[in-house]
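To start, the structure under review is shown below, and the notes come after it.
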Amino acid sequence: MKLLTVLCIGDVFGEPGRRVLASFLPRLRAELEVDLVIANVENAAAGFGVTPALARGFLGTGVDVMTSGNHVWDRKEIIEYIVKENLLLRPANYPAGVPGVGSVVVKAAGYQVGVLNLQGRVFLPAIDCPFLRADDEVARLRAGTPIIVVDMHAEATSEKQAMGWYLDGRVSAVVGTHSHVQTADERVLPGGTAYVTDLGLSGPIDSVIGVEKDLAIQRFLTGMPNRFEPAKGRARLQGVVIRIDPESGRAAGIERIQRDLAA
Ligand SMILES: [Fe+2]
């Protein structure tokens, strides 16, 4: 049986992130025989939020499902878009009544795949409990399919690892986003859930988590607010490729990827 191949792309940051994604996605899809592409796009618009035009562009260039996190509301015009377009997720554990949805079921290679977006609460706004919301969402999704990929958008390594173990055996993968530094701890947990603490950044290499480094240094030196801008120059795409047994939903493997683009 052919395994289902899912490519998860780490946080697309500003114009460099969009450039590296557009440059590599078509060949990655072919080279890795990708069936589904999930990308976190909450920093796509100059590092803060995503616009309807950018979101439409991602869907047009081969992204199947977009996930987000704490920056999803930074561009006000996204609210009108997110209520109509279920392929852009906001974290599922926002309080009831918040626009948009936190999960979606899409078809890939003939199989139903659930994608769930959650957000941590350590060093981030205190929204509803991601663990309890995951219980509800995963139970609902599993009624329709055993193939479920979770984007856990969180600052703390511990909260992401805890979510990986919490959902082990119930979902195909838990991938962390938000910290913009790719971690080298990818593995398949004993219950069959692929896990990585952070997918990394798809954006400028010579930066402080995507931001122009001098601006970031200045803020640390002075403690004063300044306007952050995406760094320029060389860009890197980061993420993981996950192979899933489509009958059981168990992950067979997870592999990190990085692709560099010259300035
Ligand atoms: Fe974030």
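Among residues belonging to region 43-72 that are open to solvent by 10 Å² or more (accessible area, probe 1.4 Å) and of a type in the set (Ser, Thr, Tyr), point out the one that is farthest from the ligand (Cβ to nearest atom).
THR61
Could you tell me how many of the residues in region 171-214 are among the polar types (S, T, N, Q), open to solvent by less than 10 Å² (accessible area, probe 1.4 Å) and within 14 Å of PRO16 (Cα to Cα)?
Matching residues across region 171-214 total 1.
Are any residues in region 165-196 within 14 Å of the ligand (Cβ to nearest atom) and assigned to a loop (DSSP other than H, G, I, E, B), and if so, which ones?
HIS178, SER179, HIS180, VAL181
What pairs come out if I take residues in region 66-80 that are assigned to a loop (DSSP other than H, G, I, E, B) and pair them with residues that are more than 10 Å from the ligand (Cβ to nearest atom) and open to solvent by less than 10 Å² (accessible area, probe 1.4 Å) whose C-beta lies under 6 Å away, six or more apart or interchain?
Once the first residue is assigned to a loop (DSSP other than H, G, I, E, B) and sits in region 66-80, its partners that are more than 10 Å from the ligand (Cβ to nearest atom) and open to solvent by less than 10 Å² (accessible area, probe 1.4 Å) give HIS71/GLY49; ASP74/GLY49; ARG75/ALA45; ARG75/GLY49.
All but one of (1) of a type in the set (A, V, I, L, M); (2) at pLDDT below 95; (3) under 27 Å from THR145 (Cβ atoms) hold for ALA262; which doesn't?
For ALA262, the exception is condition (3).
Between ASN40, ASN86, which is among the polar types (S, T, N, Q) and crowded, with 23+ Cβ neighbours inside 10 Å?
That would be ASN40, the only listed residue that is among the polar types (S, T, N, Q) and crowded, with 23+ Cβ neighbours inside 10 Å.
Taking into account only those residues within region 129-155 that are open to solvent by 50 Å² or more (accessible area, probe 1.4 Å) and under 19 Å from the mean Cα position of the chain (by Cα), which is farthest from the ligand (Cβ to nearest atom)?
ARG133
The values are calculated or read from the model by the stated rules, or taken from the named source; none is laboratory data. Everything numeric here is computed off the predicted structure, so don't read it as measured data. Note: ideal-geometry Cβ built from the backbone for every residue, glycine included; neighbour counts use all protein chains shown. In case anyone asks, the SASA skips ligands and DNA or RNA and just uses the protein heavy atoms, side chains included. Shrake-Rupley method; radii C 1.70, N 1.55, O 1.52, S 1.80 Å.
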